[in-house]
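Novice: The structure is given below, and queries will be raised subsequently.
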Amino acid sequence: MLLKDEVGMLQRVPLFSGIEPTKLKLLAFTSDRVSYSAGQILFRQGDEGDAAYVILSGRADILVDSDSGPIKVAELVPNSIVGEIAILCNSSRTATVRAASPLEALRIRKDHFLRLMREFPEMTIEILRVLADRLSHTTADLIDARSAK
Amino acid sequence: MEPSLARYIWTHTKKQQLWILMIVVLSMIPYFMSFDLPKLIVNGPIQGKGFEQPGATQPFMRLHYNLPFIGEVQFFSGFQLDRKETLLALSLVFLLLVIINGLFKLYINTYKGRLGERMLRRIRFDLIDRVLRFPPLYFKRVKSAEVATMVKDEVEPLGGFIGDAFLQPVLLGGQALTAMLFIMVQNFWLGMIAVVIVAIQIVLIPRMRRRLIVLGRQRQLTARALSGRVGEIVDGIGAVHVHDTSNYERADIAARLGLIFKIRFDLYQWKFMVKFLNNFLAQLTPFLFYMVGGYLVIQGRLDVGQLVAVIGAYKDLPGPMKELIDWDQDRQDVQVKYQQVVEQFTVEGLIAPTIGAVTIDDPAPMTSPLAAINLSIADDGGAMLLNRISLQIKPGETVALVSTATGGAEALAEAFARLNRPDSGRVASGADDLLELPEAVTGRRMSYASSDVFLFQASLRDNLLYGLKHAPLTTVPYDGAAADQHRWNIDEARRSGNPDLDIHSDWINYASAGATGPHDLFEAVRRVLDAVVLSRDILDLGLRSSADLTRHTELARRIVELRAALRTRLEHEGLSGLVVAFEPGAYNKEATIGQNLLFGAAAGPELADKALAANPYFASILRQAGLDHTLYEMGMEIAEQAIELFADLPPDHQFFQQLAFMSAEEIPAYETLLQRLKNRPHEAVSENDRAMIVALSFAYIEPRHRFGLLSDELMSKIVAARNRFYENLPPELQNAIERYDPAKYIAAATVMDNVLFGRVGTNHPDAPDRIRSIVYDILDELGLYAELLDVGLDFNVGSGGRRLTGGQRQKLDVARALLKRPDFLILNRPLSALDQRVQDKVLRNVLEEARRDGHSPAIVCVVTNPAMAMMFDRVVVFDSGQLVEDGTHETLLAGNGIFKELLS
């Protein structure tokens, strides 16, 4: 997959969909293309968050530790982003991500990501919009869940 | 040191000075004879005096003397020669005298030059010897660069002067007197004119030069201060940048340079003024000669031959006179310089020479306890660091010194290391004052490591073994020319009062490291490096550096085995995908296009980096392989992409690290280049521009940059070009490149690259770490671990060890202290740059390593954290310069003292 295809993939990630293609290209160029075989771990719960990953092809499982061992809580499909919360909040990883099939991903380093946000406010605003959107959804879900009790 | 320069010179060069004086006196004879000769030639054969009759002859070389009581005695009646023959003979004698005078001059100059150089060597050595014996406190007040400039520059003129010190006045004075006497003999009044003018010169010129001496002294002091400041700026460059004070430094230096300029300009003005006057006076005399002498000739009271001889002799008078005056100036100048240097090097409390005397045999172990008795130490400002402390450290005991912020435990450790002198009381080893023990005992039976580490600019190995180099232990056999050179070295060293210790001898004291020779020293080195947890760092350095194949032959010999082992291991662990190996007939996708084309490591500048695309042979290969066009297009594409991506970013942006093709500074140049070359056919582009564009393609790696520029056809063309490149490699490039060969070690590449013999895939983020640990495993399995560690030990630590981190430097210092297996190991906050966890680990290892093989040294450690005291037999607590608690860890913990307070 070439740089320009990656830009196309990134455009389909909601977080980046509103950002100019040239900026996305820079983001893609400065990111590392990484590949994993099935079963390999992208990162572990509790690790320090140093990068976000955009899945280009393949699938991955999101696992959370519990007393009875890891539980799969979600699955990642191409065009999804994972790990962005940890690099925005300086927190440690809240879950483990494991490749469920041969996986290609774009690894966006934390410092690059933050630097881009600082330099291109339009990108930051776009990301803010997506996060706010997510928050309002989460809030709505929470209200639903509370009222359903 | 001897305060008077003249006496210093006389004491050390008496014999030589007398010898050269004798030679000089001897040289006066032909010198005087050469004065008389022109008169003989002019008056005799030329003017015909004594040859009035045709066919008259005169005796030549007649030897006859008027001896008292005996009367005229003739030894040789001489040859009878006619006028022309006499002219020829006398001219030949003149030539002979010229040659003899020249040879005398040659001998005298060479002799005194050598004399001066020997004395210079002696002075410099004396000065350094004193630096080595300065009391430790003195170094808090001097700037190293000032000392260096004194030893190097300020005594330099002394060397030139020493040869002339006694010789010049005799030689020049003799010449001047001879010339003067000769003039006097010819004509008294002409002689008197010369005498008067000379007297004016002698009185006036030195008077005018007094100011020159004052200025000269100022020049010396300001120049010395300047070099001190330059040294400070270099050492403190970090602080300058951190505080944005570079302009303050600029202003300071500019002000100093201004002052130096003013002094030097003043000096020039005076110097040329004096020179003018001196020259004028010298030229005044011939004017008087021509006038008065000519008048006398006209009157017939003086013959023409005499006048010519007087003027001829006078030509030789101003020269010596001027030089004599210059000599006097030099003398005063040099005396001032010497005094100023000697003043700086005359220090109270110099360490006695016996303390540092060369001792070949190792001293007996120190079995008596180390003690501080009523010890008080004050700092430079007079504040008490330690106040009447008494403490005894028994052999074999481990003691933690715990100190509050003002406790003073560091001062005690420094006192034990003899780095800090007691103001009252003493430090003792048994009954002996510790300060009076020779360094051969304290430097071998005790060792000291502190947080303030100094490393020399040398390899890690040299720094580590530095603590073992006490004395030359072997006699190096020399033969042939080397033996002559060695004899000469010793001879000259002795003549200049230097020691004749052989630096090429093996100075390493293997026994004290518990080894028997070079072959098993490495074991000891490895153990101490393991103990301070430095081995891994050194292995990493080893992997990243290229090995010196003359020393590390094993690595090169077993490289094939190593590479095979790595492949097998990677396959075995299912990691083959991590490394793409170099294969002579295949394109390596993880390597750059440049690497694929060259398929070798550049061993010289001709084919390295930027020069590659411009190399005519390489360019011709690209043309033949039909690649020039393709790579040019590719370079254009890369330039466009790179500029599109990066043109908006500020040049210091961290993203530029990702851009392998060009640096941030080159972007504007490529931008204009791109505009100019766009749509222009390839043929119309100049060689230079083409090389610039093609060079971009060399850094391209498809899987990393993902521009989609690499096709199968291109790859096979590149492999073909590679083969063509090596087939016709011209002889001048044979040594510029080392071709990758699966069976050969590549000397120009790093150890890691050699073992990998391929490239690590870019798309496995943890690949480098995994591969490194696999490589270590393999090296260990194959028994090459030690070899790699040895490669790492070749690493040059840089000026003051600055290429290492602070923690690494401290670890190295501790390792060095451990290596000599002392009886008393003094550690003064040794690992303060490390975090607490690592400190604990290293300290535990160190305690264990120090006691390996039944050794039981006493260990005194000023700990950075009271919790570390747990590891020691005994804990001594200091507060405000007082010893406040002393006991085992348990007893102190049970009490309710400061220790418990510090711990909580």
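The values are calculated or read from the model by the stated rules, or taken from the named source; none is laboratory data. Being a predicted model, the structure only gives us computed values, none of them experimental. Here Cβ is always computed from backbone atoms with ideal geometry, including for glycine, and neighbour counts include all displayed protein chains. Protein only, heavy atoms only, side chains kept; ligands, DNA and RNA dropped before computing areas. Shrake-Rupley method; radii C 1.70, N 1.55, O 1.52, S 1.80 Å.
Novice: I'd like to check which helices (runs of 4 or more DSSP H) are fully inside region B:783-893 and have at least 3 residues that are under 28 Å from the mean Cα position of the chain (by Cα) and crowded, with 22+ Cβ neighbours inside 10 Å.
Specialist: B:785-793, B:806-819
Novice: In region B:239-251, how many residues are open to solvent by 40 Å² or more (accessible area, probe 1.4 Å) and part of a helix (DSSP H, G or I)?
Specialist: The total comes to 7.
Novice: Report, by residue number, each residue of region B:609-667 that is within 14 Å of chain A (Cβ to nearest Cβ), free of Cβ contacts under 8 Å to residues at least 24 places away in the same chain and among the polar types (S, T, N, Q).
Specialist: B:Gln654, B:Gln657, B:Gln658
Novice: Against the condition surrounded by fewer than 15 Cβ atoms within 10 Å (Cβ to Cβ) and either assigned by TED's automatic domain parsing to the domain that holds B:Ala850 or over 30 Å from B:Ser856 (Cβ atoms) (or both), how does B:Arg426 come out, does it pass?
Specialist: Against the criterion (surrounded by fewer than 15 Cβ atoms within 10 Å (Cβ to Cβ) and either assigned by TED's automatic domain parsing to the domain that holds B:Ala850 or over 30 Å from B:Ser856 (Cβ atoms) (or both)), B:Arg426 does not qualify.
Novice: Tally up the residues in region B:138-147 that are hydrophobic (A, V, I, L, M, F, W, C), assigned to a helix (DSSP H, G or I) and surrounded by 15 or more Cβ atoms within 10 Å (Cβ to Cβ), please.
Specialist: Residues flagged as hydrophobic (A, V, I, L, M, F, W, C), assigned to a helix (DSSP H, G or I) and surrounded by 15 or more Cβ atoms within 10 Å (Cβ to Cβ) within region B:138-147 amount to 2.
Novice: Now for a different question. Given the residues B:Leu437, B:Leu412, B:Leu455, B:Leu350, which is the only one that is touching a helix residue (DSSP H, G or I) at 6+ places or on another chain (Cβ under 7 Å) and surrounded by 17 or more Cβ atoms within 10 Å (Cβ to Cβ)?
Specialist: When all the criteria are applied, what remains is B:Leu455.
Novice: Next up: Please work out which residue is nearest to B:Pro765 (Cα to Cα), limiting yourself to region A:1-40 and to residues that are within 11 Å of chain B (Cβ to nearest Cβ) and among the β-branched types (Val, Ile, Thr).
Specialist: Ranking the candidates gives A:Val34 first.
Novice: Quick check, is B:Glu713 modelled with pLDDT of 85 or more, open to solvent by 40 Å² or more (accessible area, probe 1.4 Å) and closer than 16 Å to B:Leu659 by Cβ?
Specialist: In short, no.
Novice: Within region B:536-551, how many residues are closer than 25 Å to B:Leu818 by Cβ, open to solvent by 10 Å² or more (accessible area, probe 1.4 Å) and in a helix (DSSP H, G or I)?
Specialist: 4
Novice: A further question follows. Checking the condition in contact (Cβ under 8 Å) with a residue 40 or more places away in the chain and over 26 Å from A:Leu2 (Cα atoms), which residue from A:Arg146, A:Arg107, A:Arg93, A:Arg118 passes?
Specialist: A:Arg93
Novice: Scan region A:1-14 and report the pairs whose first residue is within 16 Å of A:Met123 (Cβ to Cβ) and whose second residue is surrounded by fewer than 19 Cβ atoms within 10 Å (Cβ to Cβ) and charged (D, E, K, R), with Cβ atoms within less than 6 Å and a gap of 6+ or a chain change.
Specialist: That search, which allows pairs on different chains as well, returns A:Val7/A:Lys25.
Novice: Just wondering, is there one or more residues in region B:36-47 that are in contact with a Phe, Trp or Tyr (Cβ under 8 Å, 6 or more places away or on another chain) and part of a loop (DSSP other than H, G, I, E, B)?
Specialist: no
Novice: Does any residue in region B:681-707 that is farther than 26 Å from A:Arg33 by Cα come within less than 6 Å, Cβ to Cβ, of a residue that is surrounded by fewer than 19 Cβ atoms within 10 Å (Cβ to Cβ) and of a type outside the set (A, V, I, L, M) six or more places away or on a different chain, and which pairs are these?
Specialist: Correct list of pairs: B:His682/B:His629.
Novice: Another question, if that's okay. If you take the residues in region A:45-56 that are over 27 Å from B:Leu710 (Cα atoms) and surrounded by 15 or more Cβ atoms within 10 Å (Cβ to Cβ), which one is nearest to the other protein chains (Cβ to nearest Cβ)?
Specialist: Initial filter on region A:45-56 (over 27 Å from B:Leu710 (Cα atoms)): A:45-52.
Next, from what is left, pick out any that are surrounded by 15 or more Cβ atoms within 10 Å (Cβ to Cβ): A:45, A:49-52.
Details: A:Gln45: 17, A:Gly49: 14, A:Asp50: 10, A:Ala51: 8, A:Ala52: 13 Å.
This residue is A:Ala51.
Novice: How many of the residues in region B:217-236 are touching a Lys or Arg at 6+ places or on another chain (Cβ under 8 Å), open to solvent by less than 40 Å² (accessible area, probe 1.4 Å) and not hydroxyl-bearing (Ser, Thr, Tyr)?
Specialist: 6
Novice: Right, another one. When you check B:Phe698 against the structure, is it over 21 Å from B:Val760 (Cβ atoms), more than 14 Å from chain A (Cβ to nearest Cβ) and not basic (Lys, Arg), yes or no?
Specialist: Numbers: over 21 Å from B:Val760 (Cβ atoms): no; more than 14 Å from chain A (Cβ to nearest Cβ): yes; not basic (Lys, Arg): yes.
Criteria not met by B:Phe698.
Novice: To continue, here is another question. Could you tell me which residue of region B:749-762 is surrounded by the fewest Cβ atoms within 10 Å (Cβ to Cβ), considering only residues that are in contact with a Leu (Cβ under 8 Å, 6 or more places away or on another chain) and within 14 Å of another protein chain (Cβ to nearest Cβ)?
Specialist: B:Val760
Novice: For B:Phe757, indicate whether it is hydrophobic (A, V, I, L, M, F, W, C) and at positive phi.
Specialist: It is true that B:Phe757 is hydrophobic (A, V, I, L, M, F, W, C) and at positive phi.
Novice: Oh, and also: Of the residues A:Arg93, A:Arg107, which is within 16 Å of the chain's Cα centre (by Cα), at negative phi, open to solvent by less than 60 Å² (accessible area, probe 1.4 Å) and within 14 Å of chain B (Cβ to nearest Cβ)?
Specialist: A:Arg107 is the lone residue from the list that is within 16 Å of the chain's Cα centre (by Cα), at negative phi, open to solvent by less than 60 Å² (accessible area, probe 1.4 Å) and within 14 Å of chain B (Cβ to nearest Cβ).
Novice: Something else about it: Determine whether B:Met28 is open to solvent by 50 Å² or more (accessible area, probe 1.4 Å) and aliphatic (A, V, I, L, M).
Specialist: no
Novice: Same structure, new question: Taking the residues in region B:723-754 that are aliphatic (A, V, I, L, M) and not in a loop (DSSP other than H, G, I, E, B) as candidates, determine which candidate is farthest from B:Asp548 (Cα to Cα).
Specialist: B:Leu733
Novice: Could you grab the pairs with beta carbons closer than 7 Å, sequence gap of 6+ or different chains, first residue in region B:763-790 and away from chain A (no Cβ under 14 Å) and within 30 Å of A:Ala28 (Cα to Cα), second one among the β-branched types (Val, Ile, Thr) and surrounded by fewer than 18 Cβ atoms within 10 Å (Cβ to Cβ)?
Specialist: Pairs found: B:Ile771/B:Val760.
Novice: Turning to a different aspect of this structure: Residues in region B:58-81 that are within 29 Å of B:Ala313 (Cβ to Cβ), in a loop (DSSP other than H, G, I, E, B) and out of contact with any Pro (no Cβ under 6 Å at 6 or more places or on another chain): how many?
Specialist: 2
Novice: On the basis of being assigned to a loop (DSSP other than H, G, I, E, B), of a type in the set (S, T, N, Q) and open to solvent by less than 60 Å² (accessible area, probe 1.4 Å), does B:Ser505 make the cut? Steps first, please.
Specialist: Working: assigned to a loop (DSSP other than H, G, I, E, B): yes; of a type in the set (S, T, N, Q): yes; open to solvent by less than 60 Å² (accessible area, probe 1.4 Å): yes.
When the stated conditions are applied, B:Ser505 passes them.
Novice: Kindly indicate whether B:Lys105 is in contact (Cβ under 8 Å) with a residue 60 or more places away in the chain and more than 26 Å from B:Asn498 (Cα to Cα).
Specialist: It is true that B:Lys105 is in contact (Cβ under 8 Å) with a residue 60 or more places away in the chain and more than 26 Å from B:Asn498 (Cα to Cα).
Novice: Something else about it: What helices (runs of 4 or more DSSP H) lie completely within region B:593-689 and have 3 or more residues being open to solvent by 50 Å² or more (accessible area, probe 1.4 Å) and within 23 Å of B:Glu713 (Cβ to Cβ)?
Specialist: Filter on region B:593-689 gives B:628-646.
Novice: Right, here's the next one. What is the residue count in region A:115-149 for residues that are within 14 Å of the chain's Cα centre (by Cα) and within 13 Å of chain B (Cβ to nearest Cβ)?
Specialist: Residues meeting the conditions: 0.
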